[in-house]
1. Only residues that are of a type in the set (Val, Ile, Thr) and under 12 Å from Gly25 (Cβ atoms): list them for segment 230-246, please.
2. Kindly check whether there is at least one residue in segment 182-202 that is among the hydrophobic types (A, V, I, L, M, F, W, C) and surrounded by fewer than 19 Cβ atoms within 10 Å (Cβ to Cβ).
3. How do the pairs read when you match residues in segment 314-325 that are of a type in the set (Asp, Glu) with residues anywhere that are open to solvent by less than 70 Å² (accessible area, probe 1.4 Å), using Cβ under 8 Å and keeping only pairs 6 or more apart or on different chains?
4. Please report, ordered by residue number, the helices (runs of 4 or more DSSP H) entirely within segment 277-385 with at least 1 residues that are closer than 27 Å to Ala210 by Cα and of a type in the set (Phe, Trp, Tyr).
5. Pull up segment 101-132, narrow it to residues that are closer than 21 Å to Met278 by Cβ and of a type in the set (A, V, I, L, M), then point me to the one that is surrounded by the fewest Cβ atoms within 10 Å (Cβ to Cβ).
6. Quick one: would you say Phe365 is open to solvent by less than 30 Å² (accessible area, probe 1.4 Å) and aromatic (Phe, Trp, Tyr)?
7. Among the residues of segment 1-26, what is the count of those that are within 21 Å of Asn251 (Cβ to Cβ) and in contact (Cβ under 8 Å) with a residue 40 or more places away in the chain?
8. Would you please name the residue that is nearest to Leu85 (Cα to Cα), looking only at residues in segment 11-68 that are hydroxyl-bearing (Ser, Thr, Tyr), open to solvent by less than 40 Å² (accessible area, probe 1.4 Å) and not in a loop (DSSP other than H, G, I, E, B)?
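The values are calculated or read from the model by the stated rules, or taken from the named source; none is laboratory data. What you see is a predicted model; the values in this text were computed from it and never measured. Every residue, glycine among them, receives a Cβ derived from its backbone with ideal geometry; neighbour counts consider all protein chains shown. The area values use the complete protein model at the heavy-atom level, side chains included, leaving out ligands, DNA and RNA. Shrake-Rupley method; radii C 1.70, N 1.55, O 1.52, S 1.80 Å.
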Amino acid sequence: MKLDTKRILLIIESSTSYGREILHGISQFAREKNNWWFLVELRGIEESPPLLLKNWKGDGIISRVSNSKTFRLIQQCDCPYVDLLWDFKNAIKCEDLLIAKKFYEYFISLGFQHFGFFSFGKTEWIQTRKQVVLEEGKQLDLTIHTFEPSLIKDDMCPEPQWNDYYEKQLICWLHSLPKPIAILAANDHQAVHLLNYCIQEQINIPDEIAILGINNDDHLCNIVSPSLSSIDPNAFQVGYEAARMLDHKINFNDLSLFERRTIEPKGIIVRQSTETLMIDNADIIDAIRFIRKYATQGIRVCDVLEEVQLSNKTLERWFKKTLGHTPEREIILVKLRHAESLLRNTQMSIRKIAELSGFQSERYFVQFFRREKGLTPYQFRKNIE
């Protein structure tokens, strides 16, 4: 039986990790459907309409565009479409309220009492996200410090650009903040600007200001120093759901706007910008930092004791009081988190990941991982994909 092939035009930016993850989700649905044929071009989110859109006679379109001319042309096409940019009332996105909840839950668990939101530009998605963060903070009876730069003119483009005009305002804001404080940035790109100015002003990250981005742009988050923690908005699932909705519209000839649908974020990918220690004991801070730096290199508790010059009994008592577990357990947890990161962000073999995470052997790593997580490293990686 020959399948009825559907021609689908993809107008989604390939220039960002968020866009590429959306494309990944769409391609996963297409593999399951097995009768979609794509036309796609490498592009940024603000680029002019692709030539493929002119006189498009295909079966459907999935887009994420900021160019209003492009969006109008999509609407004029005689075929179903799904658009994913919030400014045009997209129906599928990661829920801002759930992002806000992740932010507060994470930092409250670390002992933070001061919170902030950083953004620049007046585009709709930024204002919506900020408002949700403020409202959720109010529900928790928290005071939220926001960066409110005065503008020469409103920056309404979907991805606002940093303007030197903001510089003095940001520096003044940073020094006025109560510390330590946890700050959620509108996205990873804006978080990097905040991080850079903290470094310039010699403000310690994360002990004075802990910074959390949104989108988990892996390359960007890992190239900056300190590396940037970020909320993973599950763009893969956004893409998958967009493809599923388009398929429904094609099959049922439904060209109307569909119901709003939200996606739950995957969670917080912890990197150095939030690895702060809200602990008063300097020896314990030194011990924890030593473990986090060298755990994957095969250190043992005796190495920690030598570093901090404490007795085993004292170190264990303080660890249990502070973290709720032993130094040995902390070493294991650091190794496990490192392994999870490699499983999530690389295609390394399980054997190589075990080695780089400081486990004695691949077999021991697999057994330990299954005991801790309830599934094997292979199953963990497959669930991510």
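1. Our first condition is that a residue be of a type in the set (Val, Ile, Thr); within segment 230-246, this holds for 231, 238.
The answer is Val238, and nothing else.
2. First, pick out the residues of segment 182-202 that are among the hydrophobic types (A, V, I, L, M, F, W, C): 182-186, 191-192, 194-195, 198-199.
Applying the additional criterion that residues be surrounded by fewer than 19 Cβ atoms within 10 Å (Cβ to Cβ) yields 199.
Within segment 182-202, one or more residues are among the hydrophobic types (A, V, I, L, M, F, W, C) and surrounded by fewer than 19 Cβ atoms within 10 Å (Cβ to Cβ).
3. Glu316/Thr326; Glu316/Pro327
4. Values: elements: 282-294, 301-308, 312-322, 327-345, 350-356, 362-373, 377-384.
In segment 277-385, 282-294, 312-322 are the helices (runs of 4 or more DSSP H) which contain 1 or more residues that are closer than 27 Å to Ala210 by Cα and of a type in the set (Phe, Trp, Tyr).
5. First pass over segment 101-132, keeping only residues closer than 21 Å to Met278 by Cβ: 101-118.
Okay, now just the ones that are also of a type in the set (A, V, I, L, M), so 108, 110.
On the way: Ile108: 14, Leu110: 16.
The extreme case among them is Ile108.
6. Working: open to solvent by less than 30 Å² (accessible area, probe 1.4 Å): yes; aromatic (Phe, Trp, Tyr): yes.
Considered against the rule, which asks whether it is open to solvent by less than 30 Å² (accessible area, probe 1.4 Å) and aromatic (Phe, Trp, Tyr), Phe365 comes out as yes.
7. Within segment 1-26, the first condition is being within 21 Å of Asn251 (Cβ to Cβ), and the residues that meet it are 1-10, 25-26.
When the remaining residues are screened for being in contact (Cβ under 8 Å) with a residue 40 or more places away in the chain, the result is 6-10, 25-26.
Within segment 1-26, residues that are within 21 Å of Asn251 (Cβ to Cβ) and in contact (Cβ under 8 Å) with a residue 40 or more places away in the chain number 7.
8. Initial filter on segment 11-68 (hydroxyl-bearing (Ser, Thr, Tyr)): 14-18, 27, 48, 63, 66, 68.
In the following step, the residues that additionally are open to solvent by less than 40 Å² (accessible area, probe 1.4 Å) were identified as 14, 16-18, 27, 63, 66.
Going one step further and asking which of them are not in a loop (DSSP other than H, G, I, E, B), we end up with 17-18, 27, 63.
Working: Ser17: 15, Tyr18: 12, Ser27: 19, Ser63: 8 Å.
The qualifying residue nearest to Leu85 (Cα to Cα) is Ser63.
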